[in-house]
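Data first, discussion second: the structure below is written as structure tokens.
The values are calculated or read from the model by the stated rules, or taken from the named source; none is laboratory data. As the structure is a computational prediction, the values presented were derived from the model and not from experiment. With ligands, DNA and RNA removed, areas are computed over all heavy atoms of the protein, side chains included. Shrake-Rupley method; radii C 1.70, N 1.55, O 1.52, S 1.80 Å.
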Amino acid sequence: MEELEKTTSRISEITLQIAELENEIAVAKKKCDEATEKEMEVNEIAALQDFDKIQLSKIIEKVFIYEPGRMEISWKMDDIFYKEEKA
């Protein structure tokens, strides 16, 4: 009887772990889908041959010009990998 209880308990633990892993997989898939979407947007912009204000306004929030040769760009999109490293 004790063996049956151990086995039943282990099955419950494994079932819970499976549910947790399925949730983690869903979250990872969502992040990958979002990254793929952002990558496509960036690839469109990277392929620009001429200045296109509409396309650039999709990813650039602000541009700060300090002096000749020195500027700072504030991006609209976050680096999804950088956020993971900080956590």
Run down the lysines and flag those whose C-alpha is under 30 Å from the C-alpha of Lys76, throwing out any fewer than 8 positions away in its chain.
Lys29, Lys30, Lys31, Lys38, Lys53, Lys58, Lys62, Lys86
Rolling a 1.4 angstrom probe over the protein chains, ignoring ligands and nucleic acids, what is the accessible area of Val27 in square angstrom, nearest 10?
70
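With the full set of protein chains in place, find how many percent of the accessible area of the chain is carbon and sulfur; take the probe as 1.4 Å. Please report the intermediate quantities before stating the final value.
Values: 4620 of 8100 Å².
The computed percentage sits at 57.
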I'd like to check one number: the per residue accessible area of the chain, probe 1.4 Å, reported in Å² as a whole number.
93
In degrees between 0 and 90, to the nearest 10, how far off the longest principal axis of the chain does helix 2-46 point, with axes built from Cα atoms?
10
Relative contact order computed over the chain (Cα-Cα under 8 Å; 6+ residues apart), in percent:
15
